[in-house]
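For reference, the structure discussed in these notes is given below.
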């Protein structure tokens, strides 16, 4: 599903080249839940942005579901992102002038033919926000905004979901709800899940943990061979 071949990323600061990633190679099969961890500055968010096509590598190749995204122009990249990848940001990135329903609908309207209204409503219901569809982001708590962002990431049924510290701005209760929703999607829909986190507990639940240090892979551990399953009974989400 995801193949990375000797990817490097650097930025030029005057005459000085600052290396962020120093040669990353990895393969992520379909349906796997991968946690990418490491200290601040290790390159994990940069790597996730490259995998999602939000940035391009300075050198190397990235293949998403058979498509080489490292040499695509922006319009082609946007098409791949729109159909293949759902991305969840730590800071939600909802559009303030759109309602929860309109925020969720947006990727569908941009990338899929037909009417996604029923799909968007069903997703908001599934994340416990069925009665908040007409609310604007400013009227929602942080946990509710992140669940809107999850529904938005799921709306086109992408084969891959990527999340950059999706629980980082949430309290433990809301963080647990968000993680459960991501794991449920991974388990029930077979979605490939790639998640950047500082949380050791979250990383321990992944099928695979990749540790970055100084722009290189320090450790790549397969923690379980079988798909992740939710621990304990499914909880009711009350908003």
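Quick rundown of the values:
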item	result
Where a residue in the stretch 54-74 is in contact (Cβ under 8 Å) with a residue 12 or more places away in the chain and at positive phi and its partner, wherever it lies, is surrounded by 16 or more Cβ atoms within 10 Å (Cβ to Cβ) and in a loop (DSSP other than H, G, I, E, B), with Cβ under 9 Å and at least six apart	65/1; 65/159
Subset tally (residues that are part of a loop (DSSP other than H, G, I, E, B) and either modelled with pLDDT of 95 or more or in contact with a helix residue (DSSP H, G or I) (Cβ under 6 Å, 6 or more places away or on another chain) (or both)) for the stretch 8-26	0
Check on residue 163, within 14 Å of the chain's Cα centre (by Cα) and not in a helix (DSSP H, G or I)	yes
For residue 94: the one exception among (1) touching a helix residue (DSSP H, G or I) at 6+ places or on another chain (Cβ under 7 Å); (2) modelled with pLDDT of 95 or more; (3) not in a loop (DSSP other than H, G, I, E, B)	(3)
Where a residue in the stretch 126-138 is on the phi < 0 side of the Ramachandran plot and in contact (Cβ under 8 Å) with a residue 40 or more places away in the chain and its partner, wherever it lies, is outside any helix (DSSP H, G or I) and surrounded by 14 or more Cβ atoms within 10 Å (Cβ to Cβ), with Cβ under 6 Å and at least six apart	136/99; 137/94
Test: residue in the stretch 33-52 that is over 23 Å from residue 215 (Cβ atoms), under 16 Å from the mean Cα position of the chain (by Cα) and not in a helix (DSSP H, G or I)	yes
Residue 139 vs. criteria modelled with pLDDT of 95 or more and surrounded by fewer than 20 Cβ atoms within 10 Å (Cβ to Cβ)	yes
Condition met for residue 170 (under 17 Å from the mean Cα position of the chain (by Cα) and either at negative phi or buried (at least 20 other Cβ atoms within 10 Å of the Cβ) (or both))	yes
Index of the failed condition, residue 82 passing every other in (1) farther than 24 Å from residue 190 by Cα; (2) surrounded by 15 or more Cβ atoms within 10 Å (Cβ to Cβ); (3) modelled with pLDDT under 95	(1)
Search result, residues across the stretch 179-194 that are outside any loop (DSSP other than H, G, I, E, B), out of contact with any helix residue (DSSP H, G or I) (no Cβ under 7 Å at 6 or more places or on another chain) and within 16 Å of residue 224 (Cβ to Cβ)	183, 186, 187, 192
Number of the exception - residue 29 against (1) in contact (Cβ under 8 Å) with a residue 24 or more places away in the chain; (2) out of contact with any helix residue (DSSP H, G or I) (no Cβ under 9 Å at 6 or more places or on another chain); (3) farther than 25 Å from residue 224 by Cβ; (4) loosely packed, with under 15 Cβ neighbours inside 10 Å	(3)
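The values are calculated or read from the model by the stated rules, or taken from the named source; none is laboratory data. If you're wondering where the values come from, they're calculated on a predicted model, not measured in any experiment. Glycine also receives a Cβ, built like all others from the backbone with ideal geometry; neighbour counts cover every protein chain displayed.
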